[in-house]
Amino acid sequence: MSHTKEQIQATLLGLIAKDGHIADTKDLSIGSKKVDQADIIGVLKSLESREIIKYETITKENLELTEEGADIADNGSYEARVFGAIPASGGISIPALKEVLGAVAQFGQGRAIKSKWIKKEGADLVRATTTIVDDSQNVLKAIRAEGTHKDDRLVKELKKQKCVSAVKSVSYKVMKGDHFTTDVKKEETDVTEEMLKSGEWKNATFKKYNFNAEGVQPRSGSLHPLMKVREEYRQIFLELGFSEMPTAKYVESSFWNFDALFQPQQHPARDAHDTFFLSDPATSDRFPKDYMERVKEVHSKGGYGSIGYGYDWKSAEAEKLLLRTHTTAVSSQMLYKLAQEYKETGVWKNVKWFSIDKVFRNESLDATHLAEFHQVEGVVAGKGLTLGDLIGTLHNFFKKLGIKKLRFKPAYNPYTEPSMEIFAWHDGLAKWVEIGNSGMFRPEMLLPMGLPDDVSVIAWGLSTERPTMIKCGIDNIRKLAGHRCDLAFLNRDPIARLDK
Ligand code: PHE
């Protein structure tokens, strides 16, 4: 156990009272135990603040022997040991020397020859002198005793040979302060009820405020980094004149999540391996029946210039409830509503919509995938929109995120044609990274809804997790969401600026 503050304080003040000062605290001990300098400084600071003492810091570099250095100090340098192993008269063969000294024979031989202590005679090594002085051993012994050596070049050499290492030490010179006393009164930090009652407060010494002390970090709530990134995306969409789609429900029917999007009922994504289906309630048929008939028609027989998929479409499959696998399930409902408004009023209005919310996929979990994540989706509906408009819109959108270089790769989605994967140049990673998916919604999706046939709809989607991980420098998604997420990290993480 280390010493208490009170013990250290009493010892320091006692010594100063006796000798006038303490030249160096490095050897200060209480009882038989040396006092840790780290414990002394706390006491010194507190005494100095009350001007009881003054102190100066003494920094020294001490040399210490390494294991190898200690071996040489104890047993002599390798070359001296080689010399010692060779008989005064006659010689020793190199293999025999190796037998006696092991690895030391090899290290010591060359240097002993160079120092002209030994020489080769035929196949043998013989002594070339009668006595030697082992400087290395003597110097290391001296360093061990004193912790220093005046010959800097030699010290450098010994450091290189890994025989000594430098260790910094800090200690203190302590002198009397203007208010020196050995009778240090305890400093009160509070006026208590008892002190007031007894009148003790009149004579008490109070601890001064330390206005330089760092404050305690105030407790506060904080947004999760994903929510900060969502806010950033939301701001960009709003600046571009988009309005937000209502996404506040996770459960959808397969109808809106898949069928309305012209995704055939046999599509692998509709398998329980990829999608979380609900068991209770397992189904819902709350979708418009006339529209459902048109969807059935286009899937099974085609129409609107399409030959369809030619299979037996079943409403039972469409009724299955699920946790939405993409926010496009909301976009499809919004477009359907838009088509109804158009049918009622006969007036067409272009729209720009966005959504940012959670989606679910029954995926195997790994460092970059969880079963739930957030999607950002943009949808623009207008007359005569082309792929060029999609590309231009994506450039505008990503420029706001600070991403200037984009590339597109043809892709496939059941509900878009053409479809493009979006790649961005990442300066930090120095490569193209996939950041999203996009396309123009198919006529097989839009026309059964009742949208005018000269209206096209461009759309794109991306996740918020990936840019958030890159922004926060996180390599495992579990550090961002779930029980491994560090709350202190959430608190410290600054406001999102994706382009910074
Ligand atoms: N829904 C797609 C996905 O889950 C993204 C997307 C949205 C693609 C809109 C094209 C158009 O990845």
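Read-outs: derived from the displayed coordinates by stated rules, not from any lab. None of these values were measured; they are calculated from a predicted model. Backbone-built Cβ (ideal geometry, glycine too); neighbour counts: all protein chains shown.
Annotations
- When +1 charges are put on Lys and Arg Cβ atoms and -1 charges on Asp and Glu Cβ atoms, the dipole computed for region 74-158 relative to its Cα centre reaches about 180 debye.
- Placing unit charges on each Cβ (+1 for Lys and Arg, -1 for Asp and Glu) gives region 373-500 a dipole about its Cα centre, and among Thr464, Ala430, Leu406 the Cα reaching farthest toward its positive end belongs to Ala430.
- Over 28 Å apart at the Cα level, from the set Lys5/Lys202; Lys337/Lys383; Lys60/Lys186, are Lys60/Lys186.
- Across region 364-370, computed HN-Hα scalar couplings (Karplus, 6.51 cos²θ - 1.76 cosθ + 1.60, θ = phi - 60°) run 6, 7, 8, 4, 10, 10, 10 Hz from first to last residue, x flagging Gly and Pro.
- Distance from region 1-50 to region 371-400 (C-alpha centre basis), Å: 70 Å
- P(r) of the chain over all Cα-Cα pairs, binned every 20 Å from zero, in whole percent: 16, 26, 17, 23, 17, 2, 0
- For Val433 and Phe408, the difference between the fully extended length at 0.36 nm per residue and the C-alpha to C-alpha distance is 7.9 nm.
- Interchain or long-range residues, amide H under 5 Å from Gln265's placed H: none
- Distance in nm between pseudo-label sites at Asp366 and Phe180 (7 Å out along the Cβ direction from Cα): 7.2 nm
- For region 226-492, the Cβ-based charge dipole about the Cα centre amounts to some 820 debye (Lys, Arg positive; Asp, Glu negative; other atoms uncharged).
- Between the alpha-carbon centres of region 162-205 and region 109-159 there is a gap of 53 Å.
- Quotient of the Cα radius of gyration of region 74-158 and 2.2 N^0.38 Å, N being its number of residues: 1.19.
- In sequence order, region 169-183 has phi-based couplings of 10, 10, 9, 9, 9, 10, 10, 5, x, 4, 10, 4, 7, 9, 9 Hz under the Karplus curve 6.51 cos²θ - 1.76 cosθ + 1.60, θ = phi - 60°, and Gly or Pro positions carry x.
- Degrees between helix 328-345 axis and first principal axis of the chain (Cα, 0 to 90, nearest 10): 30 degrees
- Positive-end ranking of Ala128, Leu97, Gly76 along the dipole of region 74-158, with charges on Cβ about the Cα centre, is headed by Ala128.
- Scaled radius of gyration (Cα, divided by 2.2 N^0.38 Å) that region 211-359 gives: 1.41
- Dipole moment magnitude, nearest 20 debye, the chain about Cα centre, only Lys, Arg, Asp, Glu C-beta charged: 1280 debye
- Along region 219-230 the Karplus relation, 6.51 cos²θ - 1.76 cosθ + 1.60 evaluated at θ = phi - 60°, assigns HN-Hα couplings of 6, 7, x, 7, 7, 5, x, 4, 6, 5, 5, 4 Hz to successive residues, with x for each Gly and Pro.
- Centroid-to-centroid separation of region 427-493 and region 234-307 [C-alpha atoms, Å]: 19 Å
- The chain - mean residue ellipticity at 222 nm from DSSP helices (-39,500 (n - 2.57) per run, n ≥ 4, rounded to 500): -10500 deg cm²/dmol
- For Ser463, the amide hydrogen comes within under 5 Å of the amide hydrogens of Val376, counting only partners 5 or more places away or on other chains and with H modelled in the peptide plane.
- Distant-in-sequence amide contacts of Arg442, defined by a placed amide H-H separation under 5 Å and a gap of 5 or more residues or a different chain, comprise Thr416, Glu417.
- Considering only Met195, Pro225, Ala88, and ranking their Cα positions along the charge dipole of the chain that arises from unit charges at the beta-carbon of Lys, Arg, Asp and Glu, the one farthest toward the positive end is Ala88.
- Set Lys176/Lys208; Lys249/Lys343; Lys18/Lys176 screened for pairs whose C-alpha atoms are more than 18 Å apart: Lys176/Lys208; Lys249/Lys343
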